[in-house]
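Engineer: Pasting in a structure now, in structure tokens, and then I'll have a few things to ask.
The values are calculated or read from the model by the stated rules, or taken from the named source; none is laboratory data. What you are looking at is a predicted structure, and each value in this text was computed from that prediction instead of being measured. Every residue, glycine as well, gets a Cβ built from its backbone with ideal geometry; the counts of neighbours run over all protein chains shown.
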Amino acid sequence: MRRGANRLFQCLPGMALLACLAMLPGFAIQSSTQPDHPPSPSPAKPVIDADGTYHLGNGVTPPKLVYSVDAEFSDAARRKKIGGAVVIGLKVGTDGLPRDVHVVHSAAEGVKPKLRKAASSLDEKALEAARQYRFEPGMYKGKPVPMALTIDVSFNIY
């Protein structure tokens, strides 16, 4: 008996026949279910909304703020000594101008009902300032793309 054949008989009871055959010299098992080389990962594509707005990541770089103005306190909020934070949402167009500027989180949220009007005047001041911002647009593969952003505007009383 050949030397490799002896190995066939050395298999443990209950061992599968293919496992025993794999021990023989020169015998190779190739599975048809697994490829010889793993598939190369396809490059991740950017996330794009239905309206064509891109999201950060997967090769998309963010817009850069090149001009901003400080939001001013409203007279009503100053008189009532109300501060707070306003979160503004906007889209930066391919020309770097803000579009669809809106309040995501109001300074009036969590404020007593009698102070809400003064607090919501801070929202208007934050919107007014954000509309004046200018950006270098976000980029994808060297081309400007429209992107959505949020901006935090804080109004602090000292």
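Engineer: Looking only at residues in region 37-53 that are hydroxyl-bearing (Ser, Thr, Tyr) and either touching a helix residue (DSSP H, G or I) at 6+ places or on another chain (Cβ under 8 Å) or exposed (fewer than 10 other Cβ atoms within 10 Å of the Cβ) (or both), which one is modelled with the lowest pLDDT? Outline the logic, then answer.
Structural biologist: First pass over region 37-53, keeping only residues hydroxyl-bearing (Ser, Thr, Tyr): 40, 42, 53.
With either touching a helix residue (DSSP H, G or I) at 6+ places or on another chain (Cβ under 8 Å) or exposed (fewer than 10 other Cβ atoms within 10 Å of the Cβ) (or both) added as a condition, the list becomes 40, 42.
On the way: Ser40: 60, Ser42: 63.
The extreme case among them is Ser40.
Engineer: Right, here's the next one. How many residues, within region 124-150, are under 15 Å from Val69 (Cα atoms) and within 26 Å of the chain's Cα centre (by Cα)? Spell out the reasoning first.
Structural biologist: Within region 124-150, the subset under 15 Å from Val69 (Cα atoms) is 124-135.
Add one more test, that the residue is within 26 Å of the chain's Cα centre (by Cα), and what stays is 126-127, 129-135.
Selection size over region 124-150: 9.
Engineer: Sticking with this one: How many of the residues making up region 125-158 are of a type outside the set (Val, Ile, Thr) and either farther than 26 Å from Thr94 by Cα or in a strand (DSSP E or B) (or both)?
Structural biologist: Quick first cut of region 125-158, residues of a type outside the set (Val, Ile, Thr) only: 125-144, 146-149, 152, 154-156, 158.
Restricting the remaining residues to those that are either farther than 26 Å from Thr94 by Cα or in a strand (DSSP E or B) (or both) gives 134-136, 138-140, 143-144, 147-149, 152, 154-156, 158.
Residues meeting the conditions: 16.
Engineer: Continuing with the same structure: Which condition breaks for Leu122 when tested against (1) in contact with a Leu (Cβ under 8 Å, 6 or more places away or on another chain); (2) modelled with pLDDT of 95 or more; (3) among the hydrophobic types (A, V, I, L, M, F, W, C); (4) not in a strand (DSSP E or B)?
Structural biologist: That leaves (1) as the condition not met.
Engineer: Kindly establish whether Gly83 is modelled with pLDDT under 95 and assigned by TED's automatic domain parsing to the domain that holds Ala71.
Structural biologist: Details: modelled with pLDDT under 95: yes; assigned by TED's automatic domain parsing to the domain that holds Ala71: yes.
For Gly83, the condition - modelled with pLDDT under 95 and assigned by TED's automatic domain parsing to the domain that holds Ala71 - is met.
Engineer: Is there any pair with a first residue in region 116-131 that is assigned by TED's automatic domain parsing to the domain that holds Gly96 and a second that is basic (Lys, Arg) and part of a helix (DSSP H, G or I) whose Cβ atoms are under 7 Å apart and which are 6 or more apart or on different chains, and what are they?
Structural biologist: Ala118/Lys80
Engineer: For residues that are surrounded by 14 or more Cβ atoms within 10 Å (Cβ to Cβ) and in contact with a strand residue (DSSP E or B) (Cβ under 8 Å, 6 or more places away or on another chain), tally how many sit in region 56-81.
Structural biologist: The number of residues fulfilling the criteria is 9.
Engineer: Does region 98-110 hold any residues that are surrounded by 16 or more Cβ atoms within 10 Å (Cβ to Cβ), in a strand (DSSP E or B) and either touching a residue at least 40 places away in the same chain (Cβ under 8 Å) or in contact with a Lys or Arg (Cβ under 7 Å, 6 or more places away or on another chain) (or both), and which are they?
Structural biologist: Scanning region 98-110 gives Pro98, Val101.
Engineer: Then there's this: Identify all residues within region 65-97 that are assigned to a strand (DSSP E or B) and either farther than 15 Å from Asp152 by Cα or without any contact (Cβ under 8 Å) to a residue 24 or more places away in the chain (or both); write none if there are none.
Structural biologist: Residues of region 65-97 that are assigned to a strand (DSSP E or B), as a first pass: 65-67, 84-92.
Residues satisfying the conditions are Val66, Tyr67, Val92.
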